[in-house]
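Peer 1: Below is one structure. I have some questions about it.
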Amino acid sequence: MNEFTHGWKPLIAATVGTMCGIFTLTNYSQGFFVGPVTAEFGWSPPQFFLSYTVMMCLGLVTGPAVGTLVRSYGLKAVGIFGLFGHSLAYVLLSFNTGSLVLWYLSWALLAILGAGSLPIVWTTVLNGWFEKHRGKAIGITMTGTGLGAFLLPPLVEFLISNHGWRAAYRAIGLGAMCISLPIVFAMFRENTDTAAHASGTKTPSKSWGMTRSEAMRTGRFWLLGAVLFLTVVVIAGVLSNFPRIMGELGFDRSAIAGIAAVMGITVVFGRLFVGILVDKFWAPGVAAAFFVLPTIALLLALKGDLSTSTAMIMAVLIGLAAGAELDLLAFLTGRFFGPNHYPEIFGAIIAFFTVGAGIAPPLFGAVAQATGGYSTMLTIAVGMLIACIAMFLALGRYPEIAGGPD
């Protein structure tokens, strides 16, 4: 465990950066804002969620851009700017007076200012500190999203119910900045030596890597991108519409917040479990197994007439898969394409993720509105998950030079 002895400070900083970054705050809070915002302005849920689509689809530009910027300015500078910009943009959302165009422009600004808080920064730093335990390190870092998923639903619901949605946007934006910036300033730093710094050796798996253009010429790059796109459409669609899905199943807002909090803490365990497992077993097989879980959860939802205990089980199954998603994205990118050009390649791969996450909320909402409920979309989502399981298994063995279990 010498890697953890030397790398614990950057690991903690990366975890906090992930918790307070753009993915966490948007994925686990927007479902609670849709009701009060649309009620005040007279918008439809699909109109509200289109803002999220604008933000995430800009990941086609911001993801690769961040991957390039870290080479020029360093991880710490890009990460700090992203955390500050993300928090500032959240505050700006609260000043909207009903202009839908301004709402979309505000979310576009959020995508640009907050791009530096994407997981590209927080996972790239791990390559310099961890080799043998990189999967675990990624899992720990990504527990930041799980902690956010656990804390945000009841917090956001409390703030909206007692102080209004404007105050809630300001509070979570400023709160995230006040928590993250001091820790990142003090503890986040790159290791310019090898990931085997702790042992004083240089491993073969640290000294190789495709360039972004080389990776994009492989079929595996596009298969990985496609499977990540489909999984995030399902997971982000369910998470963003979770309050409305559960409301349709007969649960009130207070109960939904409690169920969502259980799902959030389960995300933490999903992060840790998948991190441990991918260090020991073939990661695509681990991915396939994890995505069986939300398939079962959605089948339970389609059955209907859920008790609270069954809803909790459903939330746990979804949470475990949501916890595995970003970890697998980061780990598989490094294993299949190498660490040398990881930021650039991860920035390109994450574009699939952001576009999928961007179209999912309005897609789920629009289909639900068109069909009179969520059953049709959830049925489609089950089919998508089954396809994803097969696609993960089709990724094949790691390149021999990358090492790792086959």
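Peer 1: If a residue has to be of a type outside the set (S, T, N, Q), at pLDDT below 80, over 12 Å from SER29 (Cβ atoms) and touching a Ser or Thr at 6+ places or on another chain (Cβ under 9 Å) to count, how many in the range 149-199 make the cut?
Peer 2: Going through the range 149-199 one residue at a time, the tally reaches 4.
Peer 1: Considering every residue within the range 292-303, establish whether at least one is part of a helix (DSSP H, G or I), at pLDDT 90 or above and not hydrophobic (A, V, I, L, M, F, W, C).
Peer 2: Yes, because at least one residue in the range 292-303 is part of a helix (DSSP H, G or I), at pLDDT 90 or above and not hydrophobic (A, V, I, L, M, F, W, C).
Peer 1: Mind checking whether some residue in the range 127-146 is of a type in the set (Val, Ile, Thr) and surrounded by fewer than 20 Cβ atoms within 10 Å (Cβ to Cβ)?
Peer 2: no
Peer 1: List the residue pairs whose Cβ atoms are under 6 Å apart, where the first residue sits in the range 77-89 and is closer than 15 Å to ALA171 by Cα, the second is of a type in the set (Ser, Thr, Tyr), and the two are 6 or more positions apart or on different chains.
Peer 2: Final answer for the pair search is LEU83/SER117; LEU83/SER180; HIS86/SER117.
Peer 1: Here is a further query. What's the total number of residues in the range 381-395 that are within 12 Å of VAL233 (Cβ to Cβ), in contact (Cβ under 8 Å) with a residue 60 or more places away in the chain and either more than 19 Å from the chain's Cα centre (by Cα) or buried (at least 20 other Cβ atoms within 10 Å of the Cβ) (or both)?
Peer 2: Number satisfying all stated conditions: 4.
Peer 1: Within the range 77-103, how many residues turn out to be of a type in the set (Ser, Thr, Tyr) and surrounded by fewer than 16 Cβ atoms within 10 Å (Cβ to Cβ)?
Peer 2: The total comes to 2.
Peer 1: Go through the range 1-49 residue by residue and tally those that are closer than 27 Å to ILE112 by Cβ and part of a helix (DSSP H, G or I).
Peer 2: 29
Peer 1: Scan (1) touching a Ser or Thr at 6+ places or on another chain (Cβ under 9 Å); (2) at pLDDT below 85; (3) not in a helix (DSSP H, G or I) for the single condition PHE130 breaks and write down its number.
Peer 2: Every listed condition holds for PHE130 apart from (1).
Peer 1: Still on this model: Restricting the first residue to the range 184-196 and requiring it to be farther than 12 Å from LYS9 by Cβ, which pairs with a second residue that is modelled with pLDDT under 80 and of a type in the set (D, E, K, R) meet a Cβ separation below 6 Å and a spacing of at least six or different chains?
Peer 2: So the pair list comes out as THR194/LYS202; THR194/LYS206; ALA195/GLU131; ALA195/LYS206; ALA196/GLU131; ALA196/LYS202.
Peer 1: Continuing with the same structure: Could you grab the pairs with beta carbons closer than 9 Å, sequence gap of 6+ or different chains, first residue in the range 39-54 and over 26 Å from ALA351 (Cβ atoms), second one outside any helix (DSSP H, G or I) and hydroxyl-bearing (Ser, Thr, Tyr)?
Peer 2: Sorted first by the residue in the range 39-54, then by its partner, the pairs are PHE41/THR97; PHE41/SER99.
Peer 1: A follow-up question, please. Any idea which of (1) modelled with pLDDT under 85; (2) crowded, with 24+ Cβ neighbours inside 10 Å; (3) touching an Asp or Glu at 6+ places or on another chain (Cβ under 9 Å) is the one HIS341 doesn't satisfy?
Peer 2: Failed condition: (2).
Peer 1: Out of curiosity, is ASP327 of a type in the set (D, E, K, R) and buried (at least 24 other Cβ atoms within 10 Å of the Cβ)? Working first, answer last.
Peer 2: Working: of a type in the set (D, E, K, R): yes; buried (at least 24 other Cβ atoms within 10 Å of the Cβ): yes.
For ASP327, the condition - of a type in the set (D, E, K, R) and buried (at least 24 other Cβ atoms within 10 Å of the Cβ) - is met.
Peer 1: Any chance you could count how many residues in the range 277-318 are among the β-branched types (Val, Ile, Thr), closer than 26 Å to LEU152 by Cα and either touching a residue at least 12 places away in the same chain (Cβ under 8 Å) or touching a Pro at 6+ places or on another chain (Cβ under 9 Å) (or both)?
Peer 2: 6
The values are calculated or read from the model by the stated rules, or taken from the named source; none is laboratory data. Note that the coordinates shown come from a computational prediction; the quantities given were computed from them, not determined experimentally. Counting neighbours? That spans all protein chains shown, and the Cβs are built from the backbone with ideal geometry, glycine included.
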